[in-house]
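Heads up: the structure comes next, in structure tokens.
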Amino acid sequence: MELAAMTMAASSPASRFTGLSHRTTLRYDLLDQCRLRPCSWKTGIQIKMRNPITLAYSASSDDSPTPKSYKEVIKPFRQLFAREISTQSKDSDISIAKVLLYVAAEDEAFLAFNREIDALSFLRERENIQDQSDSEELVSVQETDSDEQEPLQIDGKSIPEWLSELDAISKQVEAELVSRGINNSCHSLQVLEAVNRVLFDIRGFKRIPACFDEDPKGYYLHSVLNSRSGSAFLFSVIYIEVCQRLDVPIVGARVGENFLVWPKIENPEELFQIAATSGKSLFAIVNGKCVDDPKSMASELTGKSLQDFDVVTNRDIIEIALANLIRVHWRRASKATPGQMLTAPLSELNNFRISNFPLLRPQDLRLAIAAAERLLVLKPNNWRVQRELGMMYYYVRQCREAIIELSLCIANFETGEEEANELKIFVEKLHRVFSMMSPLDSGRLAVH
């Protein structure tokens, strides 16, 4: 009965805001039924927030009314993300670049908060060996800074400044077209050739191999624009954003494990003509090495076969970006146990113990959780993501949240009966453990 009540509470719209109170949930899904409170910022982009240093310091301040946590720090960014991808918005009105920058801003705020907490711990250690006057002087400096407001920045630039980077690339492409004597009525292929010239020859961009255990910076838009190196997927996003500014429609589709883009043209076969200068087709230059890889489905494509694919929406593209972040951060979180599967405990039901956890990196695990939470804001009934999020909550010992997400997953199951029963048994065992815990014990188990 108690498990059913928890599941029903989680499935109600209001529970996404209040059901888990102070613990974790920042999902903000089901926005049609549950409207967000008006934002206190001047615009959706020009955000003002307190410095993570002062937020971290206020966490330890004796006169602070409530302890600060990373959830309070990231909440404004999650709200902005939720508003931008709200089901009330037309898909064509959603700015892919802006949403991905909100994602980066949230994760950067989380990382900054962690750094400042570490710095605060170091200061506390120093205070133990300093005299009282030095400690008081340090406190007064921190408190003086606490009222200062500063614009949200990601790697030294505001979100509008990062968006202007894409504007600058498009203007550079326009200049490249003018230098070739091409007017505004140019063909889409000519625009793509100019984009390639600006990105790879002039600006020196380069793709990194599609491997999810390297530096995750290649999967954040601002990092790719800054370092000019990143995943093939984000290069596709840059093509879409730049060409959109030049009034050249670009479409994309999932092809096997790859995401490919191309312009809307009357004769798609032109994309596959081999250029004498590069020895590659324009389609291959735009989409990278996967087109030349005989093991890839992309290598078998023709102009005619492109018409058979379902073109993705802006929401679909954001979904792919978040799924990539889940994978890359989970890979890094489980680096000490290579090949560790998120669902591994489901196959070990006979050896179920709440203390039987693999060695995981907590920071990367939290970033994977954040990506999964955002993905469920975008696609609320995705049972696979609900299962992944529930298992990650289990790994960070948040039993209540794990039970709720896994119960919702069971309710939305589209798989075989055996797999559903396996998950039900796991949830029942987890619920039994949770019900035997005192509130103090369950709070100690949660890794924040």
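The values are calculated or read from the model by the stated rules, or taken from the named source; none is laboratory data. In this text the structure is predicted, and so the values were computed from the model without any measurement. Note: ideal-geometry Cβ built from the backbone for every residue, glycine included; neighbour counts use all protein chains shown. Calculation scope for accessible area: heavy atoms of the full protein, side chains included, ligands and nucleic acids excluded. Shrake-Rupley method; radii C 1.70, N 1.55, O 1.52, S 1.80 Å.
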Modelling each spin label as a point 7 Å along the Cα-to-Cβ direction, I'd like the ASN183/LYS280 distance in nm, to one decimal. 3.3 nm
The set of residues whose placed amide H lies less than 5 Å from the amide H of VAL251, leaving out same-chain residues fewer than 5 positions away, is TRP262, LYS264
What does the extension gain come out to for MET436 and THR302, with contour length at 0.36 nm per residue minus their alpha carbon separation? 42.2 nm
Rolling a 1.4 Å sphere over the protein heavy atoms, what is the accessible area per residue of the stretch 246-339, to the nearest Å²? 53 Å²
For the residue pair LYS424 and GLU127, what label-to-label distance in nm results when each label sits 7 Å from Cα along the Cα-to-beta-carbon direction? 5.3 nm
ARG384 to GLN244: extension gain in nm, 0.36 nm per residue of separation minus the Cα-Cα distance? 47.2 nm
Starting with the highest mean, order 255-267, 368-380 by the number of other Cβ atoms within 10 Å, averaged over the residues of each peptide. 368-380, 255-267
Which lysines, if any, have their Cα less than 28 Å from the Cα of LYS295, not counting same-chain residues under 8 positions apart? LYS206, LYS217, LYS264, LYS280, LYS304, LYS335
Between the stretch 179-238 and the stretch 359-423, how many Å separate their Cα centres? 34 Å
